[in-house]
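The values are calculated or read from the model by the stated rules, or taken from the named source; none is laboratory data. If you're wondering where the values come from, they're calculated on a predicted model, not measured in any experiment. Ideal geometry is used to build each Cβ from the backbone, glycine not excepted, and the neighbour counts take in all protein chains shown.
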There are 4 protein chains.
Amino acid sequence: MTSERWRQATEWPLMAAALLFLAAYSVQVIGDVSERQAQVLELIQWITWGAFTVDYAVRLFLAPQRWRWLATHLPDLAMVVLPVLRPLRLLRLVTLLRVLYGTAGKALRGRIVTFVAVSAVFLTYCASLAVLDAEQHAEGANIVTFADAVWWSLTTISTVGYGDHYPVTVIGRAVAAALMVSGIAVLGVVTASIGSWLVERVSATATVAVEQADADLKGQLERLHTEVTRLGRLLEESQGTRKEPVVGEETR
Amino acid sequence: MTSERWRQATEWPLMAAALLFLAAYSVQVIGDVSERQAQVLELIQWITWGAFTVDYAVRLFLAPQRWRWLATHLPDLAMVVLPVLRPLRLLRLVTLLRVLYGTAGKALRGRIVTFVAVSAVFLTYCASLAVLDAEQHAEGANIVTFADAVWWSLTTISTVGYGDHYPVTVIGRAVAAALMVSGIAVLGVVTASIGSWLVERVSATATVAVEQADADLKGQLERLHTEVTRLGRLLEESQGTRKEPVVGEETR
Amino acid sequence: MTSERWRQATEWPLMAAALLFLAAYSVQVIGDVSERQAQVLELIQWITWGAFTVDYAVRLFLAPQRWRWLATHLPDLAMVVLPVLRPLRLLRLVTLLRVLYGTAGKALRGRIVTFVAVSAVFLTYCASLAVLDAEQHAEGANIVTFADAVWWSLTTISTVGYGDHYPVTVIGRAVAAALMVSGIAVLGVVTASIGSWLVERVSATATVAVEQADADLKGQLERLHTEVTRLGRLLEESQGTRKEPVVGEETR
Amino acid sequence: MTSERWRQATEWPLMAAALLFLAAYSVQVIGDVSERQAQVLELIQWITWGAFTVDYAVRLFLAPQRWRWLATHLPDLAMVVLPVLRPLRLLRLVTLLRVLYGTAGKALRGRIVTFVAVSAVFLTYCASLAVLDAEQHAEGANIVTFADAVWWSLTTISTVGYGDHYPVTVIGRAVAAALMVSGIAVLGVVTASIGSWLVERVSATATVAVEQADADLKGQLERLHTEVTRLGRLLEESQGTRKEPVVGEETR
């Protein structure tokens, strides 16, 4: 079995596992669950983690160059061997975004805009979960409800940063750093899309000018061709008129 | 009656209704009104809401594909069926922006800059109203005067976010989120406009170079055409001189 | 005397007046001056204000279409008729920037970068002065030293906005709004300059490709021209060889 | 010995000195060192400073135009003559970035992205060190641990600026200003890279259109050339048939 076929066969099951994990994690972090429920939710998360680990092992086994594969899939490794850092498990969900990007529309810019919008919402939700998980039982924390966490995520991804809520734990700050980088990238993509649309409009005008010039050249060449063809006909006639008398001379 | 004709016939009355609504809402939120006045202002708002609802119903009735129209006009629906969320009614005013964009100048970039400047001012004003409406009677709120609300809007749309004032209610935070997205878009359009202007200047130089090259090619083709035409004349003369002797021979 | 000649004749004196005003205003706001010194500084400012007012009146008198000139020079008018709003007088200094832009280097992008850098420093300084002037004697203000004012300006123009210092007066907030807009524009110009430089590098490659294609076309045309010229020579010779025999026949 | 050879010979030793300095400075600022260790670390820093000073002197001596070299290397001078401002010594490390840029990959955009990513991490680290050095013993400071310093650097370079930590000393604020400018530049480069990538994709399409048009022109020219060549053959044949009879006439 090849690496590619494994990937295709496991894409949807892993997607389901990722969503299941997200649901269980969300309930665990946000909800007010009994100890019994908490155990079930924890179990679901460990099972989905198991599925990811098996997938990782199989992909490593199937890879043609294992050391290279290992080196180029470090985030996957981090996710598998560091299950204690629960927010890190959310990294798995990036796969969802990859699938989204693959199934988005055809036009480059529209695709990017859709992708950025969905990613921004998704990242805000995941970051809110992760920061709440890290902060809600920390001492001196000011992000203790999910509403606060979402609000904090919004102010961070937009780089507004009021400072009414902010993380105080190391993990919470790491989540914040990831979100800030995303915020910069989102700003960048939005700006770049508008910019490239404007430039395209302008360069479309330039392209029209160039095409006009080309059409002029083609017209000139067309006329030249007509002229040369006429010359060719004249020459053939001329040879005809000359050859006849020559023949006439000989028959004379 | 077609959908298009209805739209044309109702454009200005709805515009007037929207402005009337904005005025009534502004006085209600900012002003210090007596109970009697408050009732009048509330009535005006319900009347304008009625006008929007009738417009929505008629447009839905006239639409060729009703389900599709419903699906592509969800913001309109939200505005009509959720009149309790008063700030949401401000959405109607987006129509004003659409008309503004339609009547702006011809040049693409100038139009965008004008549109962005007016939209930014308009959004700042509406967001100030909406946030003040949501926050002024909330417990622990720090946006309680219109001056504070405008100042908060400015720090948010520019993504500065000092944090001296910030919303604490859910509706206030939703308004903030909308304003942050606007802030990002405004930053993007400003950057993109400057960028596309710079690129245009550079690509204008490139276009000049291409046009120069085209002019060279045209010159070459011109000279070639002249040469071929001369050839044609030579050939015709040659036939003439040949035909003459032939005629001469025959007359000989 | 024409409007243009007046502008040329007064450019440097007004520049000097503007700098004198800036110096006097700076000392007055930042320095710890005695009452006597304060009167001198106030006098200097009124004299420079007088110079600007005279200049404004003369330019209005010399303008071909006075109402139009009035409508397109509203900032100048505001500066002249509202001398009570001292920070507004700083608007006059924008002229300094205009001269700077005119005397900067030739290359478009280098010029813009220089202009933005100098403008950013200049705006930071003026905004610091203006906000300190507005805030330092206000109740509850937290910008009370020049160091604080400069620091606040920096955090605002970069849209960082820590919120450790922020204006509380209306005039101070108006200064802040102007500075935020500048911050957005600065961000935009920096981004756009980098972007257009990158695009230029890429489009330079494209231009090279187009030029190569043009060169190929020119080569083809050159060869065609050579061929046609050869044809022309052949035809002339042909006529020559034909004419000779004909002449020979006649001399025969 | 030429200036260029000196630069080549000292590049790696100075790099090592810079890294040694960074290590010693890091331990001194972050670590909890005994007085004895502090003296050793101080000594290392003075030795590396000595190396930089010697390098500066030699380069000045070797420069063809010394006054010009002095004027264009002011940051180097500041670093050498102001060793009291310890954070300033970190400027030397910019050389590291220069070498990184030189050894990065070939493709322009990939190189820039790598360079920006590494520079951002490096700047964040150096700014954290510098601000901690300036703030940790200052009165009323709120950046007193390395974790706080790194967190503050992150919120500043991303222009989020929560305001939970901020510098209060003049040197700390100068470091902050440098970091803000870097933040703006980073935002700019990220945006510009995405934008230029998008524009390139679009302009690639335009280039293809232009190339298609060129190919059409070439095709037309090809056919024209064939036609003219055929004409030439016809003409030569025509002369041949004419010359033969003429010769025939003469032999007759």
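Residue check: C:Ala57 meets all listed conditions (1) at pLDDT 85 or above; (2) exposed (fewer than 14 other Cβ atoms within 10 Å of the Cβ); (3) within 30 Å of C:Phe146 (Cα to Cα) but one, namely (3).
Scanning region C:146-199 for residues that are within 9 Å of chain B (Cβ to nearest Cβ), within 18 Å of A:Thr191 (Cβ to Cβ) and more than 21 Å from the chain's Cα centre (by Cα) returns C:Thr159, C:Val199. Residues that are of a type in the set (Lys, Arg) and at pLDDT 75 or above were ranked within region C:219-247; the one that is nearest to A:Ser196 (Cα to Cα) is C:Arg223.
For region D:63-77, the set of residues classified as among the hydrophobic types (A, V, I, L, M, F, W, C) and either surrounded by 15 or more Cβ atoms within 10 Å (Cβ to Cβ) or not assigned by the TED database to the domain that holds D:Trp6 (or both) consists of D:Ala63, D:Trp69, listed by residue number. Suppose we keep only residues that are among the hydrophobic types (A, V, I, L, M, F, W, C) and under 23 Å from the mean Cα position of the chain (by Cα) within region D:37-74. Which one would you say is farthest from D:Met15 (Cα to Cα)? In this case the residue turns out to be D:Ala71. Report yes if A:Thr191 is modelled with pLDDT of 85 or more and hydroxyl-bearing (Ser, Thr, Tyr), otherwise no. Criteria not met by A:Thr191.
Condition check ((1) in contact (Cβ under 8 Å) with a residue 60 or more places away in the chain; (2) surrounded by fewer than 16 Cβ atoms within 10 Å (Cβ to Cβ); (3) in the same structural domain as C:His137 (by the TED database); (4) not in a helix (DSSP H, G or I)) across all residues:
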residue: C:Ala24; (1), (2), (3), (4): no, no, no, no
residue: C:Asp32; (1), (2), (3), (4): no, yes, no, yes
residue: C:Thr48; (1), (2), (3), (4): no, no, no, no
residue: C:Phe61; (1), (2), (3), (4): no, yes, no, no
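Considering only residues in region A:112-152 that are polar (S, T, N, Q) and not in a loop (DSSP other than H, G, I, E, B), the one that is surrounded by the most Cβ atoms within 10 Å (Cβ to Cβ) turns out to be A:Ser128. Checking each residue in region C:158-175 for being in contact (Cβ under 8 Å) with a residue 12 or more places away in the chain and among the β-branched types (Val, Ile, Thr) picks out C:Thr159, C:Val168, C:Thr169, C:Ile171, C:Val175.
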